[in-house]
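Before I ask anything, let me first share the structure, which is written out below as structure tokens.
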Amino acid sequence: MVIDQLLPGLFRFEDTCNVYVFECGDCSVAVDYGSGAWRSALRGLGLPPLRHVYLTHHHVDQCDGLRRGGRRSFTVHAPPGERNVIHPDGVRAVRRWIGKLGVPGSYSLLERGLAGVRFDMIGFDDHFVGTRRVRFVETPGHGRGATSLVIDHHGKQVVFCGDAAHAGATVHEPYMLEWDHWTGDGAVAAWRGVERIEALGIDLLCPSHGPVIAERPGTMLRRLSRKLLEFIDVKGNICPGEPDRYVEPQFTSSGARRLGDHLYQFGINGYLLVSGSGSGSGAALVIDPYLSDMPRLDALLAELDGVRVTDVTATHYHIDHIDAAPVLQRRKGVTLHLHPRVAEPVARLGTHDVPWLPPRAIRPDAMLPSRGTWKWNEHRLRVAPFAGQTWWHCCLMTDVDGRRVLFGGDNFQPNSRWNGTGGFCAMNGCRFREGFIRSARLVLDWKPDLLACGHGTYYRFAPSHFRKIIRWAERAERATKALCPTGSLERDYYLHPRSA
Ligand SMILES: [Zn+2]
Ligand SMILES: [Zn+2]
């Protein structure tokens, strides 16, 4: 194990995270715990017994060694804001929600939580260890309650910042700042935290990963603060200045939106495409079946004389676009067709640690081509992968009532809806170049008349809209990359490998 002496009586141990130990009168104090393997080295370094462990945040690399049973000869302290992800009851509750509410996966979450922790590291307050004042400053990001420690040691002001900052004005595992899949809230909180410690006048900045920063830490934090602002900015609008270009529908008596003689939008996410000619006349294809939309679908079918659902598909794997597929599959004569990408995370659950999965596996009856044409009654639907909000996404385009309609799911929305996108986040498997940029180019290339997207948004295509999205995605890629310690999105940010 690498051990550095940073100052007399202050050491850095390279464990699963950096563990810092400082001598404080007749005891030693540790910042974070890692695996605990470092403890055997304390006596050899002439350090007094360990009495306090302060956890900067809840991640497994910071404290997993503490889950071992037995009485501790030291007190473990943690920030109160991390209680629900450290205390066993909290961890149990969070684990129940993973995947359901878009809780971003189980990355770095403790398996069972830790008992016997004092949640007494109150932000902007302090503890005395002997006569030494240990101060706490809130630096959220890696955990909503993540907290830095400030001490005076041998005439220097030392700050232990957890994962709030990493050398090179970067952030260890920057995807941890994505508290949800579409806003910049986590990044905003992280930026505020960095601003707080940047102002402190630091002699030695001790992060949880990577090297200690002794050379002008304030300058480095100012650079990081600027990079975080850029990241927050790209988490905002993706096509500034573009109008919404909504198309006005007609309402049917059940409240569905009629977009033409053969196309309806019902409930939150569903589309119904009705075949209008030949032997398929009256057959209908449901796109993006959501369980809570099913009463709306049935009400619409009751209005449309002689129309019956024969086929179903989904633009992506998210629960609100697919969970009613098995319900429709059970109806007589209904076939579920899925794009290979969309089928990948849902055909067998447990293979992908991603948010918004349906609760039960969904098995298609037939596969769509990954890229090509799907002949459905009189329609020849163009099909292609359409990564953006998530990697496991496809689009379909066909002529309906004289207009080219592209069914596009959640990637691209009118501006007033969610900043123009269902968002980007690493846990969803978002990618910039092979995702948003490629998909925006596809729209420019296919030139639909109408985009029929998720959450009931249908709007006219304009090239300027998608050209702006490409420029935004290039900027978003740069901003995210700038936060990566190795400078590589593949190594530090993208959580999921590209599949076919
Ligand atoms: Zn962390
Ligand atoms: Zn979605």
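Every number here is computed from the coordinates shown, using simple stated rules; none is lab data. Note that the structure is predicted; figures quoted are calculated from it, not measured. Cβ placement follows ideal geometry from the backbone for every residue including glycine, while neighbour counts extend to all protein chains displayed.
Set the Förster distance to 30 Å, then compute FRET efficiency between residue 152 and residue 226 from the Cβ-Cβ distance, nearest 0.05.
0.55
What is the total of Lys pairs in the chain with C-alpha atoms under 15 Å apart, excluding same-chain pairs fewer than 8 positions apart?
4
Amide H to amide H, which residues 5 or more places from residue 110 or on other chains are under 5 Å from it, using H placed in the peptide plane?
Placed amide hydrogens put 60 under 5 Å from residue 110.
A further question on this structure: Residue by residue through the stretch 321-327, which ³J(HN,Hα) values in whole Hz follow from phi under the Karplus form 6.51 cos²θ - 1.76 cosθ + 1.60 (θ = phi - 60°), with glycine and proline marked x?
For the stretch 321-327, the Karplus-derived couplings read 10, 8, 5, 8, 4, x, 5 Hz, x marking Gly and Pro.
Now for a separate question. What is the distance, in nm, between label points placed 7 Å from the Cα along the Cα-to-Cβ direction at residue 299 and at residue 118?
Once both label points are built, they end up 5.8 nm from each other.
What residues qualify as long-range amide H neighbours of residue 15, i.e. H under 5 Å apart, gap of 5 or more or another chain, H built at 1.01 Å from N?
Under 5 Å from the amide H of residue 15: no residue qualifies.
What number comes out for the charge environment of residue 282, summing +1 per Lys or Arg and -1 per Asp or Glu over other residues with Cβ under 13 Å away?
Its environment carries a net charge of -3.
Please report how far the C-alpha centroid of the stretch 416-439 lies from that of the stretch 250-301, rounded to the nearest whole angstrom.
What the calculation gives is 27 Å, centre to centre.
With the crude spin-label approximation of a point 7 Å out along Cα→Cβ, what separation in nm comes out for residue 486 versus residue 75?
Once both label points are built, they end up 4.1 nm from each other.
What does the extension gain come out to for residue 41 and residue 434, with contour length at 0.36 nm per residue minus their alpha carbon separation?
So the extension gain works out to 136.8 nm.
With just the Cα atoms defining each centre, how far is the stretch 54-94 from the stretch 337-395? Give it in Å.
Here the answer is 39 Å between Cα centres.
Next up: Across the stretch 448-453, in residue order, what do the Karplus-derived ³J(HN,Hα) couplings come to in whole Hz, using 6.51 cos²θ - 1.76 cosθ + 1.60 with θ = phi - 60° and x for Gly and Pro?
Result, rounded to whole Hz: x, 7, 9, 9, 10, 10.
Rounded to the nearest 0.05, what FRET efficiency is calculated for residue 83 and residue 199 with R0 set to 30 Å and r the Cβ-Cβ distance?
That pair, residue 83 with residue 199, gives E of 0.65.
Starting from the amide H of residue 349, placed 1.01 Å from N in the peptide plane, find each other amide H under 5 Å away whose residue is 5 or more places distant or on another chain.
361
Could you sort 350-358, 334-342 so that the peptide with the highest average Cβ count within 10 Å comes first and the rest follow in order?
Per-residue mean Cβ counts within 10 Å order the peptides as 334-342, 350-358.
If you don't mind, there's one more thing I want to ask. Where does each of 69-82, 146-159 land if you order them by average Cβ count within 10 Å, highest first?
Averaged packing, sorted descending, gives the order 146-159, 69-82.
If you don't mind, another one. Which of 424, 136, 386 has the fewest other C-beta atoms within 10 Å, and how do the rest follow up to the most?
Least crowded to most crowded, the residues run 136, 424, 386.
Counting DSSP beta bridges with both partners in the stretch 3-234, what percentage is antiparallel, nearest 5?
Of all bridge pairs located within the stretch 3-234, approximately 70 percent are antiparallel.
Also, I was wondering about something else. Any chance you could run the full-extension gain for residue 93 through residue 445? It's 0.36 nm times the residue separation minus the Cα-Cα distance, nm to one decimal.
122.1 nm
Just to be sure I understand: of the beta bridges DSSP finds with both ends in the stretch 1-136, what percent are antiparallel, rounded to 5?
Rounded to the nearest five, the antiparallel share is 65 percent.
Same structure, new question: Pairs of alpha-carbon atoms within less than 8 angstrom and 6+ residues apart define the contacts here; what relative contact order does the chain have, in percent?
Relative contact order comes out at 11 percent.
Can you give the convex hull volume of the alpha carbon atoms of the stretch 250-492 per residue, in Å³?
Convex hull volume per residue, Cα atoms: 119 Å³.
On to the next question. Which length gain, in nm to one decimal place, applies between residue 251 and residue 277 when the Cα-Cα distance is subtracted from 0.36 nm times their residue separation?
Gain on stretching residue 251 to residue 277: 7.0 nm.
Follow-up. With the crude spin-label approximation of a point 7 Å out along Cα→Cβ, what separation in nm comes out for residue 131 versus residue 375?
Distance between the two pseudo-spin positions: 9.0 nm.
Need the C-alpha centroid separation for the stretch 304-321 versus the stretch 483-500, integer Å.
34
Still on this structure, please answer the following. How compact is the chain by the rule of thumb for globular proteins, expressed as Cα Rg over 2.2 N^0.38 Å?
This ratio for the chain stands at 1.14.
Take every Cα pair under 8 Å in the stretch 15-135 that's 6+ residues apart, average their separations, divide by the length, and report that relative contact order as a whole percent.
Reported relative contact order: 22 percent.
Before anything else, pin down the relative contact order of the stretch 3-234: Cα pairs under 8 Å, at least 6 apart, normalised by residue count, whole percent.
So the answer I get is 14 percent.
Going by the alpha-carbon gyration tensor, a ≥ b ≥ c the square roots of its eigenvalues, is the stretch 362-463 rounded (a/c under 1.5) or, if a/c is not under 1.5, prolate (a/b greater than b/c) versus oblate?
Verdict is oblate for the stretch 362-463.
Here's another thing I want to ask about it. Using the Cα gyration tensor of the stretch 3-234, with a ≥ b ≥ c the square roots of its eigenvalues, what is the shape: rounded (a/c below 1.5), prolate (a/b larger than b/c) or oblate (neither)?
Taking the square roots of the gyration eigenvalues as a ≥ b ≥ c, the stretch 3-234 is oblate.
I would also like to ask the following. Using the Cβ atoms and a cut-off under 14 Å, what net charge is assigned to the surroundings of residue 447, where Lys and Arg are +1 and Asp and Glu are -1?
With Lys, Arg at +1 and Asp, Glu at -1, the neighbours total +3.
Which translational diffusion coefficient, to the nearest whole µm²/s, is obtained for the stretch 279-361 from the Stokes-Einstein equation, given a Kirkwood hydrodynamic radius over C-alpha pairs, 20 °C and 1.002 mPa s?
161
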